[in-house]
Amino acid sequence: MAADLNLLDPALKNTMTQVLARCRAAGVEMRPNNGLRNPHDQAKLWRQSRSLEEIEAKIDEFESQGAPYLAACLKEVGPQHGEHVTNAAPGFSWHQWGQAVDCFWLVDGKAEWSSSKLINWKNGYQVYAAEAKALGLFPGGYWKSFKDWPHIQLQIHGSPNVNKSVKEIDQEMQLRYA
């Protein structure tokens with residue numbers, strides 16, 4: 001599934017178009033596969049690597065902080081299974097704000113997920129991150145922990161809760177998605 005860059009914040013869309021063009025010029029084809037993501041989809045990703053106790057604790061936390069919509073998102077998506085792919089609960093990923101995009105490296109018509117594999121002495125994710133950073137974006141591959149090489153975001157902060165309370169995030173997500 002390809003991400004629609006038109007759904008992103010215009011500043012991210014414009015800069016990502018440049019990043020992708022610069023990657024192509026360097027011989028690396030990056031393909032957007034996840035851009036704007038609703039809170040229910042984020043809840044699925046967040047839940048998939050967590051225990052029932054962790055999930056229930058997060059639901060309780062959201063409810064106690066006046067965030068019933070985010071709590072409902074976690075409840076409604078039900079059990080999920082899979083590897084750990086995000087630390088961001090629903091509302092707390094820049095994807096829900098249209099300010100993040102994930103791309104994969106296309107090699108011989110297939111998605112390549114390795115951040116260490118070299119082709120012609122280059123790794124696609126390394127090139128992608130460097131080009132994004134050079135244009136003022138913030139690559140997940142440069143994070144100190146939980147490196148997320150496919151992820152690029154417009155904001156330096158890891159989460160919207162730097163500027164907003166949980167209740168404010170809940171209200172904004174409900175306004176945008178409910």
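Summary of values
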| read-out | value |
| --- | --- |
| Selection within the range 1-38 - under 20 Å from residue 93 (Cβ atoms), free of Cβ contacts under 8 Å to residues at least 40 places away in the same chain and either surrounded by 15 or more Cβ atoms within 10 Å (Cβ to Cβ) or hydrophobic (A, V, I, L, M, F, W, C) (or both) | 1, 2, 13 |
| Strands (runs of 3 or more DSSP E) wholly inside the range 100-159 containing at least 1 residues that are surrounded by fewer than 20 Cβ atoms within 10 Å (Cβ to Cβ) and at pLDDT 95 or above | 100-107, 110-112 |
| Any hit, the range 44-51, residues being crowded, with 23+ Cβ neighbours inside 10 Å, touching a strand residue (DSSP E or B) at 6+ places or on another chain (Cβ under 7 Å) and not in a loop (DSSP other than H, G, I, E, B) | no |
| Options 158, 78, 82, 109: the member that is within 14 Å of the chain's Cα centre (by Cα) and among the small types (Gly, Ala, Ser) | 158 |
| Residue in the range 12-34 that is of a type in the set (Asp, Glu) and either part of a helix (DSSP H, G or I) or touching a Lys or Arg at 6+ places or on another chain (Cβ under 7 Å) (or both) present | no |
| Residues located in the range 160-178, provided they are touching a residue at least 24 places away in the same chain (Cβ under 8 Å) and either assigned to a loop (DSSP other than H, G, I, E, B) or in contact with a strand residue (DSSP E or B) (Cβ under 6 Å, 6 or more places away or on another chain) (or both) | 165, 178 |
| Flag for residue 108 being closer than 17 Å to residue 158 by Cα and of a type in the set (Asp, Glu) | no |
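Results for (1) under 25 Å from residue 168 (Cβ atoms); (2) of a type in the set (Asp, Glu), shown as yes or no for each residue.
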site	(1), (2)
4	no, yes
29	no, yes
36	yes, no
53	no, yes
74	yes, no
110	no, no
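The values are calculated or read from the model by the stated rules, or taken from the named source; none is laboratory data. What you are looking at is a predicted structure, and each value in this text was computed from that prediction instead of being measured. Quick reminder, even Gly has a Cβ in these numbers, built from the backbone with ideal geometry, and neighbours come from all protein chains shown.
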